[in-house]
Amino acid sequence: MTLSPSSNHPDLLDRIQTFDAETQRGLTAFTRELFAQEDEVLAHVRRRTRELGMPEIQIRPEEGKILYFLARMIGARHILEVGTLAGYSTIWLARALPDDGSVVTLEVEPAHARVAREHFALAGLNGRVEIVEGSAHETLPVLARREPFDMMFIDADKAGYPAYLAWALENLPNGALIVAHNAFRGGDLISNTPDEAVLATRELLNAMARDERLLSTIIPVGDGFAVGMIQRGVGTP
Ligand code: SAH
Ligand code: MG
């Protein structure tokens, strides 16, 4: 696989927009301040995640706002999330839904699910969010029989990403949006010494780029969202 997407157009490489690290930080802080301020609930969830010694790998506010934006843009009603942690991203997603909407979120760690449940109550979202405990690899097949999800947010074990995509392509309706977090793997995506997580992420991205049922790209906010919209039959005779 080629790691240099512009390799067939070397002259385009100097048309890549870059900023030095300090400028990048400032631009992100500006965006966050203006468009992605946390309310008390989200700030509490993030603080509590730290206090409890849980991994602080939840999405960042500007990433949360993008999820919220995407959900609103497609008029999402039923969202499926893989990887709850303390429920930070779930809250961003659930808030984008109409009153009769719902989020089903999958979590393998009972301790994480317990904390997340408290946070959903605090956020007043208990009726709109359901946590399904267990490994997504076991719970997804059961969820296939539920009402169709129009958005799926994948943010769990990276090795599982290709399987989660395959499930989505089997079970989500046309027009549904698949969003996978950490497309850039903190920059390691293009490492010369890829670990298992990087290899699985590359497999996911390759599949998303090539699958004719998907319209895909990467939204380069934060650690990158791989996004794919299911477009079965579009462009085929
Ligand atoms: N989406 C969250 C962060 C999720 S962190 C946020 O942004 O707020 C990843 C979570 O996925 C962890 O809580 C981890 O326990 C969970 N996880 C890992 N493997 C999983 C699996 N196979 N099935 C379900 N959850 C899994
Ligand atoms: Mg993530």
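Each value in this text was obtained by applying a stated rule to the coordinates, not by laboratory testing. The model shown is predicted, which means the values in this text are computed figures rather than measured ones. Positions of Cβ are backbone-derived with ideal geometry, glycine not excepted, and every protein chain shown enters the neighbour counts.
Sorting 122-132, 175-185 by their mean Cβ neighbour count within 10 Å, with the most densely packed peptide first, gives 175-185, 122-132.
Using alpha carbon centroids, what distance separates the range 43-103 and the range 168-202, in Å? Answer, in whole Å: 18. Of the peptides 153-165, 133-145, 102-114, 24-36, the order by per-residue mean of other Cβ atoms within 10 Å, starting with the highest, comes out as 153-165, 102-114, 133-145, 24-36. Calculated [222 nm] ellipticity per residue, helices only, for the chain: -12000 deg cm²/dmol; basis is -39500 (n - 2.57) per DSSP H run with n ≥ 4, divided by all residues, nearest 500. Descending by average beta-carbon neighbour count within 10 Å, the peptides 47-54, 10-17 line up as 47-54, 10-17, the highest first.
As a calculated quantity, the FRET efficiency between Glu40 and Glu130 at R0 = 30 Å, using C-beta atoms, amounts to about 0.80.
Calculate, for Glu51 and Ala144, the FRET efficiency according to 1/(1 + (r/R0)^6) with r their C-beta to C-beta distance and R0 35 Å; round to the nearest 0.05.
0.40
Note on Val234 and Leu27: the model spin-label points, each 7 Å out from Cα along the C-beta direction, lie 2.8 nm apart.
Taking 0.36 nm per residue of separation and subtracting the current Cα-Cα distance, fully stretching the chain between Glu212 and Phe19 would add 66.1 nm. Derived from the Cα gyration tensor, the three semi-axes of the equivalent ellipsoid of the range 20-230 are 23, 22, 17 Å, largest first.
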